[in-house]
Each structure stands twice: as structure tokens, then as C-alpha cells.
Amino acid sequence: ISEFAINVAMPLLLFQTMVKSDFHGVAPWSLWGAYFAAVAITWAAGHLVTTRIFGRDARAGVVGGVSSAFSNIVLLGVPFILGIFGPSGFEVLSLLVSVHLPIMLMASIVLFEVFGRGSGEPVHPLRVIRSFLRRLCMNPLIIGILAGLAWRITGAPLPDVAMRLVDALADTAGPVALFAMGLSLRRFGISGNVRPALVLSVLKLFLMPALVLVFVWLLGLPPLTAKVAVMVAAMPSGVNSYLIAVQFNTGQALASNQMTIATACAAITTAFWLTVVLHVFG
């Protein structure tokens, strides 16, 4: 089910959005600046908490950082934003999705290269770039976005039969994503490292959305854009933080525990942040 959600339903939903949506009035650079400034600060805080307070090594610090800042946009963010803000909200979300994975993936690969080798071993920029491009080009979400943009540029209408098929499969993305998320939580569970996981969850669920709220307010983003940005930041961590921990071969329990705890708490914290953004932005 997870593979269907990530490899089929979500890419087709993104393709559909890129082909059909009208992005006029959305300020992507201000949106990206506000969101990723908060990502950088929260990531640094998670890294410092993991290494300085809990005494873990620098590689585990990277896992702590990414767990604090990598929102579960696909499996939780998409159904939540569609349900609360509708297609207009998803248009804003798709602008974040289009750059979120490449930026977070690049940061993770660079940090893996820096901290994942011996102290005397140099970092190889070409290897970093090659690894980044390989992972990016093989990612079905990126393929869906690029295919949709390419079709939009051509200006050609999609055949009715093909569009109906895309619409039917894209409509399953939200429910399937929620079900897949539930299965992933059952798989990972909680096993040790509870205290650091709790602290990292606080950073993810409170610090990051608070920072985004401040930045979107300072930059004067449109109300819908601001609300979507804050709510995406308020999403708990997803499975990507655990996969990075597996790649580092360190902090797997920390990442899985943080994901489970944050997701359980998010039922309350997302309601809190939704109330806040509706009050602040109307």
C-alpha cells in the first residue's frame, strides 16, 4: 500500500496539479524562504540537542536534525491539506513538495558525506552530486512533478480517457496515504531513546511551525499560503528520517521513536496550530 501511495497515487496527484492548477498569486520565493529558514534553524537545534545534551556522536546528530525538520508532507500533509484547504491549498502545497524533497535530500547527502566517513577522509563533491542526481531522478514524486510541468509547457490537452484515469488514481492518494502511514507506525513502534525522541518531537511539533508562522507573517504572505506553510511545518516527521538513519547505520531507534511519538502527539498539536493560523490569518 505504501508503494502504491508513493509510486503511483501521489505522483499522479502531483502530475494532475501541475497540469490543471493556476498558480497566480502564490509567491514561491517568499514561501520557500520562510519555510526553509525554519527548516535550517530547527535542523540545527535538533543536531545540537542530540549531540550536546544527549551526548550522541555527530552522525546521530544528523539523524536528530533531520528528524526535527523533515515534515511528513506526502503521507500526512497531502490528505490533511486537501481535507482542510481543498484544491487551492494543495496548489500551495505542491510548490513546497516540488523543492522540499530535493533540498532535504541534498542536505542529507552532504551531511552524510561530511559525518559518515573517517575524520581524515576528504569529501568528494562529484560523488555527492552523482548520488543526489541518481536519487532525485529515480524518485517517483519528482518524476510526477516534472512530467506535469513538461505537459503544461506544451499546452496540449490531455486526452479525456487518460485524464479520467489520472483523476481516478489521484483521488485515492489521500485515503491510501493515511492507511499507509498507519501501517508504517505499527512496523516501527517505540524501542528505547524515549527522552531524546520526546525532545526532538517538541522541536518538530512546536519550534518549526512557530518559526514558519513568524517568517510568513514578517514576509506578508497571502493568508492561504501562510496557513498551508505553517500547517505543513506542523506535520510530524515521516519515514525519511528513519531511512536516513539506516543509511548512516546509527540512530535508527531514535528516528523511529521520534516519528512514532511525534505522529501520536500530532493529533493534538495540529489542531492547536490550525486554531492559531485561523485566528492569525483568518
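FYI, it's all coordinate maths here, none of it is from the lab. Every value quoted in this text rests on a predicted model; they were computed, and no experiment measured them. All Cβ positions, even for glycine, are placed from backbone atoms using ideal geometry, and neighbour counts span all protein chains on display.
Name the shape class, rounded, prolate or oblate, that the alpha-carbon gyration tensor gives for segment 48-103, where a ≥ b ≥ c are the square roots of its eigenvalues, rounded holds for a/c under 1.5, and otherwise prolate holds if a/b is larger than b/c and oblate otherwise.
Note, shape of segment 48-103 comes out prolate.
Just to confirm a number: summing +1 for Lys and Arg and -1 for Asp and Glu over residues other than L12 whose beta-carbon lies under 11 angstrom from that of L12, what do you get?
-2
Can you work out the Karplus-derived ³J(HN,Hα) for every residue in segment 48-56? Use 6.51 cos²θ - 1.76 cosθ + 1.60 with θ = phi - 60°, whole Hz, and x for glycine or proline.
5, 4, 5, 8, 7, 8, 9, x, 7
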